[in-house]
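Derivation of every value follows stated rules applied to the coordinates shown; laboratory data play no part. These numbers were taken from a predicted model, which means no experiment stands behind them. Methodologically, a virtual Cβ is constructed for each residue, glycine included, from the backbone with ideal geometry; neighbour enumeration extends over all protein chains shown.
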Amino acid sequence: MTHRIINFSAGPAVLPLEVLEEAQRDLVDYQGAGLSVMEMSHRSPHYDAIHTDAIASLRSLMGIGDDHAVLFLQGGASLQFSMVPMNLMHPAGKADYILTGTWSKKALKEASKEGRARIAGSSEETGFDRIPEASELDLDGEADYLHFTTNNTIVGTQWPSEPDAGDVPLVADMSSDILSRPIDVGRYGLIYAGAQKNLGPAGVTLVIVRKDLLARAPESLPTMLTYRIHADKNSLYNTPPCWSIYVVGLACQWLERRGGLEAMAQRNAAKAAKLYDLIDGSDFYRGTVQIASRSPMNIPFRLPSEELESRFLEASVEAGMTNLKGHRSVGGIRASIYNAMPAEGVDRLAELMWEFERAHG
Ligand SMILES: *Cc1c(COP(=O)(O)O)cnc(C)c1O
């Protein structure tokens, strides 16, 4: 038996074992081709099928219609912080940003270098412990787009539904909850996500963009930073991250076999409820964000002291778990339980939490 640790990493994160085994089986000789996906031309028929199938799976899982292009880019979600304003702000344009954590602040910072980026809502005053209410938002109906972060990986909050921006295109960083629940893609101008949390391995970034927005990019923009070029070339303008796209395709097929996004959302909700119920029923563990804003993907919590938190982390390692330490900017404990985290992994964590509370509470 292969030794597999229970991995609560926020990213790069756990992948489904079936996906890893499939990639392993086909690693040296991809389906009789006599070479691996890492070694084949990105213009070969074998790779063409991998690329086409991965896009088709994403389209079918997410219900992406013909109005949107699906792109596989590089540079991580962080490059999208720049590419979004470079492509979507009209020359000297303006955009609204809602601040719900570190990642949205970074997105705002990059957008400010390209045009007038304005804060249209923020929960920074209370340490990003919640998603702002609709009534608190100050939206500019003339903005080129409204940017928000659907799931805040570090603090552990998630938008229950998207903000209503009227005719202003919605742009969302979905790096840590893409494919975790059904969404109405038709409501978005652009969605982006680094793959390494809930899609597949690092190295590829998914961008879903409404085709009519592609015309906005100025001709002076560098080719590699222009969505329009990548869309025209079906993400094959240059060598794409073939291996990462291949594994994203396998992860999509795994999701399809497991009933798609509706079924996945139910499983994710059940896993999260297990931990949140335990936290709410305990005087020992304490949740750090407001209940209505809680993320089902990243679950942060505190123990009565930092000393106990270190001992909890030691106990988790002894129990075969890893990566439960909270982000260095917030401390405490964080369990990231994306699609690929099996329910048994969450059960094991819950058992450890009960035992630890009994011993130290
Ligand atoms: C991890 C993360 C990022 C950064 O992703 P990179 O691919 O490392 O650039 C951006 N936004 C969110 C919400 C994230 O969780």
| said: Give me Rg/Rg_expected for region 94-167, where Rg uses Cα atoms only and Rg_expected = 2.2 N^0.38 Å with N residues. | reply: 1.02
| said: With +1 on the Cβ of every Lys and Arg and -1 on the Cβ of every Asp and Glu, and nothing else charged, how large is the dipole of the chain about its Cα centre, in debye rounded to the nearest 20? | reply: 500 debye
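Hey, what did region 259-360 get for relative contact order, percent, Cα under 8 Å, at least 6 apart? Walk me through the numbers before you get to the answer.
Working: 101 pairs, mean separation 29.3, N = 102.
Dividing the mean separation by the residue count of region 259-360 yields 29 percent.
With the radius of gyration and the Kirkwood radius both derived from the Cα set of the chain, what is their ratio Rg to Rh?
Details: Rg = 20.8 Å, Rh = 21.3 Å.
In the chain, Rg relative to Rh is 0.98.
I'd like to compare 32-44, 232-244: which one has the highest average count of other Cβ atoms within 10 Å, and what's the full order after that? Show your work: numbers first, answer last.
On the way: 32-44: 13.4, 232-244: 17.4.
Descending packing order for the listed peptides: 232-244, 32-44.
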| Most fluctuating residue given options Val330, Val209, Val346, as computed from a GNM of the chain linking Cα atoms under 10 Å | Val330
| request: Identify the residues of region 281-314 with backbone N under 16 Å of a label point that sits 7 angstrom from the Cα of Ile5 along the Cα-to-Cβ direction, or state none. | output: 312-314
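Taking a 21 Å limit on the Cα-Cα distance, which of the listed pairs Lys105/Lys271; Lys211/Lys233; Lys105/Lys197; Lys197/Lys325; Lys197/Lys271; Lys271/Lys325 fall beyond it?
Numbers: Lys105/Lys271 29 Å; Lys211/Lys233 13 Å; Lys105/Lys197 19 Å; Lys197/Lys325 16 Å; Lys197/Lys271 17 Å; Lys271/Lys325 19 Å.
From the list (Lys105/Lys271; Lys211/Lys233; Lys105/Lys197; Lys197/Lys325; Lys197/Lys271; Lys271/Lys325), the Cα-Cα distance tops 21 Å for Lys105/Lys271.
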| With the dipole of region 237-361 worked out from charges on the C-beta (+1 for Lys and Arg, -1 for Asp and Glu) around the Cα centre, which of Cys242, Ala343, Val330 lies farthest toward the positive end? | Cys242
| message | Just want to confirm a number: the relative contact order over region 180-226, from Cα pairs under 8 angstrom separated by 6+ residues, in percent. | response | 30 percent
| field | Size of electric dipole in region 215-361: Cβ of Lys, Arg +1 and of Asp, Glu -1, about Cα centre, debye, nearest 20 | value | 540 debye
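Please sort by residue number the trypsin sites (Lys or Arg not before Pro) in region 327-361 whose DSSP state is loop and whose Cβ has at most 16 other Cβ atoms within 10 Å. Spell out each step's value before the answer.
Values: sites: Arg328, Arg334, Arg348, Arg358; in loops: Arg328.
In loop regions of region 327-361 (DSSP not H, G, I, E or B), the sparsely surrounded trypsin sites (Lys or Arg not before Pro) are Arg328.
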| said: Against the 2.2 N^0.38 Å scaling, with N counting residues, where does region 259-360 land? I'd like the Cα-based Rg ratio to two decimal places. | reply: 1.04
| message | Run lengths n ≥ 4 of DSSP H only: what is the helix-derived mean residue ellipticity at 222 nm for the chain, with -39500 (n - 2.57) per run over all residues, to the nearest 500? | response | -11000 deg cm²/dmol
| query | Which value, in Å to one decimal place, does the Kirkwood hydrodynamic radius take for region 172-282 when every pair of different Cα atoms is included? | reply | 16.1 Å
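I need to check one value: relative contact order of region 18-257, counting alpha carbon pairs closer than 8 Å and at least 6 residues apart, in percent.
Details: 430 pairs, mean separation 63.4, N = 240.
It rounds to 26 percent for region 18-257.
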| Where the centre of each part is set by its Cα atoms, how far does region 210-270 sit from region 132-194, in angstrom? | 17 Å
| Under the Karplus relation 6.51 cos²θ - 1.76 cosθ + 1.60, θ = phi - 60°, what is the ordered set of whole-Hz ³J(HN,Hα) values for region 129-142, x standing for Gly and Pro? | 7, 6, 8, x, 6, 4, 5, 8, 7, 10, 9, 8, x, 9
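For region 44-151, what D do you get in µm² per second when you plug the Kirkwood radius from alpha-carbon pairs into Stokes-Einstein at 10 °C and 1.306 mPa s? Kindly include the intermediate steps, with their values, before the conclusion.
Values: Rh = 15.8 Å.
Translational D for this selection: 100 µm²/s.
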